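Undergrad: This is the structure I want to talk about, given as structure tokens.
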Amino acid sequence: MANFKTHFNVAAISTGLASAVLLSAEHININGALWLWCLGTVGGLLPDIDADNSTSLDIVFNIFASVALLMVLHYITGEHFREIHFVELLAIPLGVYGILKWLIRPLFEKMTVHRGSCHSLLFLVLCALLTIQITWIFNDNYLTKSNLYAWLSGGFILFGGLVHLLLDEIYSVELSNLRVKRSFGTALKIADFRNKSATLMMLAAIIALGYIAPESASTIKTLTDWSTFKIW
């Protein structure tokens, strides 16, 4: 199994190159390229969130908590929401963070095992669709190509996660001794069928998120046009 440093570096390099290619083709701007690069790097750490007290879990959880706080602040300060007091503005986000840190995270650590459901293609697809939905909702009024950025955001999460799983499988083979480790085949799998309840819940969530996902025809049309791509 590759270590944290290897996962981070390889994910950052591969997704950075991919975002640079999209930037060269003028499909995205520089801010979008940096955004996708960050998402791809995070995706490269996602499968290891099932390892208790791991660096990946700490990083991804902190990012997840930050996104949750921003979503709450976005909602409670929106025009559709009533006027709130300063104490509420502090208490509500702190309450959300406390629930995530002292309730959700311990439950997650207790319910997951390393190289279980999180080390699967099903989990990565679920994370990608969640990213698409969140990006689409919160960027709808700020980006002229919100559908494009939403689908690319989910795509980079999926790409980074696939890089992680492939690295783990590669590290399961010792070329020097021509030996395959016992961990071979536990990283890159469709789903963890030993945990049937988790697999069914993820599958149901994927179907629901796929149904409400933004249209993809315009994104496909944009990404198939490479007439503006420049190598030099």
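The values are calculated or read from the model by the stated rules, or taken from the named source; none is laboratory data. Since we're looking at a predicted model, the values are computed, not measured. Using ideal geometry, Cβ is built from the backbone for each residue, glycine included, and neighbour counts are taken over all protein chains shown. These accessible areas exclude ligands, DNA and RNA; they are computed on the full protein's heavy atoms, side chains included. Shrake-Rupley method; radii C 1.70, N 1.55, O 1.52, S 1.80 Å.
Undergrad: Any residue in the stretch 122-142 that's within 13 Å of Gly155 (Cα to Cα) and open to solvent by less than 30 Å² (accessible area, probe 1.4 Å): show its pairings with residues that are outside any helix (DSSP H, G or I) and modelled with pLDDT of 90 or more at Cβ separation under 6 Å, as long as the two are six or more apart or on different chains.
TA: Ile132/Ala213
Undergrad: Taking into account only those residues within the stretch 26-58 that are open to solvent by less than 30 Å² (accessible area, probe 1.4 Å) and either touching a strand residue (DSSP E or B) at 6+ places or on another chain (Cβ under 7 Å) or outside any helix (DSSP H, G or I) (or both), which is farthest from Pro106 (Cα to Cα)?
TA: Going through the qualifying residues, I end up with His27.
Undergrad: Return the pairs, sorted by first residue and then second, in which the second residue is open to solvent by 50 Å² or more (accessible area, probe 1.4 Å) and assigned to a helix (DSSP H, G or I), the first residue lies in the stretch 208-231 and is closer than 11 Å to His27 by Cβ, the beta carbons are less than 8 Å apart, and the residues are 6+ apart or on different chains.
TA: So the pair list comes out as Thr219/Trp151; Phe229/Val21.
Undergrad: Next question. Look through the stretch 1-25, keep the residues that are outside any helix (DSSP H, G or I) and at pLDDT below 85, and return whichever of them is least open to solvent (accessible area, probe 1.4 Å).
TA: Restricting attention to the stretch 1-25, the residues satisfying the condition of being outside any helix (DSSP H, G or I) are 1-3, 25.
Subset that is at pLDDT below 85: 1-3.
Working: Met1: 101, Ala2: 4, Asn3: 90 Å².
Restricting to residues being outside any helix (DSSP H, G or I) and at pLDDT below 85, the top hit is Ala2.
Undergrad: Name every residue in the stretch 197-215 that is of a type in the set (A, V, I, L, M, F, W, C) and either on the phi > 0 side of the Ramachandran plot or assigned to a helix (DSSP H, G or I) (or both), in order of residue number.
TA: Taking the stretch 197-215 as the starting set, the residues that turn out to be of a type in the set (A, V, I, L, M, F, W, C) are 198, 200-209, 212-213.
Correct list: Ala198, Leu200, Met201, Met202, Leu203, Ala204, Ala205, Ile206, Ile207, Ala208, Leu209, Ile212.
Undergrad: Which pairs have Cβ atoms under 7 Å, sit 6 or more apart or on different chains, and link a residue in the stretch 2-24 that is in contact (Cβ under 8 Å) with a residue 24 or more places away in the chain to one that is outside any helix (DSSP H, G or I) and open to solvent by 20 Å² or more (accessible area, probe 1.4 Å)?
TA: Correct list of pairs: Ala2/Tyr171; Ser24/Phe229; Ser24/Lys230.
Undergrad: Tell me which residues, restricted to the stretch 165-196, are open to solvent by 80 Å² or more (accessible area, probe 1.4 Å), modelled with pLDDT under 75 and assigned to a loop (DSSP other than H, G, I, E, B).
TA: Scanning the stretch 165-196 gives Tyr171, Leu175, Ser176, Asn177, Leu178, Arg182, Phe184.
Undergrad: If you don't mind, another one. When the residues of the stretch 197-232 are filtered to those that are over 20 Å from the mean Cα position of the chain (by Cα) and of a type in the set (Gly, Ala, Ser), which remaining residue is surrounded by the most Cβ atoms within 10 Å (Cβ to Cβ)?
TA: The extreme case among them is Ser218.
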